[in-house]
Amino acid sequence: MTLPRIVSRGEWRAAREELLVGEKAATRARDALNADRRRLPMVEIDKEYVFEGGDGKATLLDLFEGRRQLVVYHFMFAPEWDAGCRSCSAFVDQIGHLAHLRARGTEFAVISRAPYTKILPFKARMGWTLPWYSSYDNDFNHDFQASFETGAGDDGEEPYERPGVSCFLRDRERIFHTYSTYERGLDGLGSTTSLLDLTALGRQEEWELPEGRASALGAPAGSERIRYHDEYED
């Protein structure tokens with residue numbers, strides 16, 4: 001194993017200040033990229049999807065739970081598998097308390113192709129309480145490029161799954177697809193702010209571009225909205 005050089009505290013501080021310049025540049029570049037993402041156009045969803053969850057059948061509109069936005073995690077769990085993907089499980093393990101997302105009008109849900117009868121015991125084993133739905137009886141995973149009939153294996157003929165995140169925006173009863181990312185695009189995601197950064201409304205902060213989305217929920221923007229997770233009013 002190769003370890004960092006050992007230096008004096010003064011040398012470390014100088015090196016740290018030099019690195020900070022690059023870190024700040026990366027932060028500004030990330031903010032600009034997030035703004036470009038929020039400027040993406042959106043596509044209306046006119047196909048009816050019916051999922052199965054803990055409360056029975058649910059439409060895509062139901063998954064919003066009355067909120068303005070929905071972030072879906074495409075969890076790799078094929079119908080023939082006995083357990084969910086290990087990497088996807090590690091991703092879901094790091095998802096924070098959903099109250100902070102919900103306070104910004106954003107719901108989070110996990111969707112897999114496995115039947116709910118397989119999802120339920122695995123979810124209990126993992127100790128998760130977040131919403132998880134089965135798309136076993138519809139084309140949702142295929143339509144949003146999380147499942148493919150061919151492409152895996154040496155001959156490229158085996159079906160395969162890939163992890164991803166898709167974001168949706170609701171305008172009354174109309175639903176729009178605003179963004180999706182897959183595989184390495186998931187690196188660094190899991191926190192409340194990182195998931196909000198993928199959505200059309202973003203963190204709803206006054207400094208974000210494009211202008212006019214910070215007050216989308218008619219509530220204070222920024223840190224004034226942050227509460228202990230048991231103090232939010234839904």
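Of the residues making up segment 83-95, one or more are among the basic types (Lys, Arg) and farther than 24 Å from HIS229 by Cα. Considering (1) within 20 Å of SER180 (Cβ to Cβ); (2) at pLDDT below 95; (3) within 14 Å of the chain's Cα centre (by Cα), the lone condition that CYS85 does not fulfil carries the number (3).
If I filter segment 114-125 for residues that are modelled with pLDDT of 95 or more and part of a loop (DSSP other than H, G, I, E, B), do I get at least one hit? The answer is yes; a qualifying residue exists.
Taking first residues from segment 197-215 that are touching a residue at least 24 places away in the same chain (Cβ under 8 Å) and assigned to a loop (DSSP other than H, G, I, E, B) and partners that are open to solvent by less than 30 Å² (accessible area, probe 1.4 Å) and among the small types (Gly, Ala, Ser), the Cβ contacts under 6 Å between residues at least 6 apart in sequence or on separate chains come to GLN204/ALA214; GLN204/ALA221; GLU208/GLY202; LEU209/ALA35. Considering (1) modelled with pLDDT of 95 or more; (2) part of a helix (DSSP H, G or I); (3) within 13 Å of the chain's Cα centre (by Cα), the lone condition that LEU101 does not fulfil carries the number (1). Among (1) at pLDDT 95 or above; (2) within 30 Å of LEU209 (Cα to Cα); (3) among the basic types (Lys, Arg), which single condition is LYS57 missing? Evaluating LYS57 over (1) at pLDDT 95 or above; (2) within 30 Å of LEU209 (Cα to Cα); (3) among the basic types (Lys, Arg) leaves (2) as the failure.
Here is a yes/no grid of residues against (1) touching a strand residue (DSSP E or B) at 6+ places or on another chain (Cβ under 7 Å); (2) without any contact (Cβ under 8 Å) to a residue 12 or more places away in the chain; (3) of a type in the set (Lys, Arg):
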{"residue": "GLY56", "(1), (2), (3)": "no, yes, no"}
{"residue": "LEU60", "(1), (2), (3)": "yes, no, no"}
{"residue": "ASP82", "(1), (2), (3)": "no, no, no"}
{"residue": "SER89", "(1), (2), (3)": "no, no, no"}
{"residue": "VAL92", "(1), (2), (3)": "yes, no, no"}
{"residue": "GLU107", "(1), (2), (3)": "yes, no, no"}
{"residue": "THR117", "(1), (2), (3)": "no, yes, no"}
{"residue": "THR129", "(1), (2), (3)": "no, yes, no"}
{"residue": "TYR133", "(1), (2), (3)": "yes, no, no"}
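For segment 2-25, the criterion of being farther than 18 Å from LEU198 by Cα, at pLDDT 95 or above, part of a loop (DSSP other than H, G, I, E, B) and in contact with a strand residue (DSSP E or B) (Cβ under 6 Å, 6 or more places away or on another chain) is satisfied by no residue at all. Under the condition of being under 23 Å from ASP187 (Cβ atoms), surrounded by fewer than 18 Cβ atoms within 10 Å (Cβ to Cβ), small (Gly, Ala, Ser) and in contact with a Ser or Thr (Cβ under 9 Å, 6 or more places away or on another chain), the residues counted in segment 79-95 number 0. Of the residues making up segment 26-49, those that are surrounded by fewer than 14 Cβ atoms within 10 Å (Cβ to Cβ) and either in contact with a Phe, Trp or Tyr (Cβ under 6 Å, 6 or more places away or on another chain) or part of a loop (DSSP other than H, G, I, E, B) (or both) are ARG39, LEU40, PRO41, GLU44, ASP46, LYS47, GLU48.
For segment 50-76, filtered to residues that are in contact with a helix residue (DSSP H, G or I) (Cβ under 7 Å, 6 or more places away or on another chain) and assigned to a loop (DSSP other than H, G, I, E, B), the residue that is least open to solvent (accessible area, probe 1.4 Å) is PHE75.
Of a type outside the set (A, V, I, L, M, F, W, C) and not in a helix (DSSP H, G or I): does that describe ASP82? In short, yes.
Considering only residues in segment 106-139 that are of a type in the set (D, E, K, R) and over 29 Å from THR193 (Cα atoms), the one that is surrounded by the fewest Cβ atoms within 10 Å (Cβ to Cβ) turns out to be ASP139. Cβ separations smaller than 8 Å between residues 6+ apart or across chains give the following pairs from segment 30-51 residues that are of a type outside the set (A, V, I, L, M, F, W, C) to residues that are open to solvent by 80 Å² or more (accessible area, probe 1.4 Å): ARG38/LEU209; GLU44/ARG174.
The values are calculated or read from the model by the stated rules, or taken from the named source; none is laboratory data. Note that the coordinates shown come from a computational prediction; the quantities given were computed from them, not determined experimentally. A quick note on method: Cβ atoms are made from the backbone with ideal geometry, for glycine too, and the neighbour counts reach across all protein chains shown. For accessibility, only protein heavy atoms count, side chains too; no ligands or nucleic acids. Shrake-Rupley method; radii C 1.70, N 1.55, O 1.52, S 1.80 Å.
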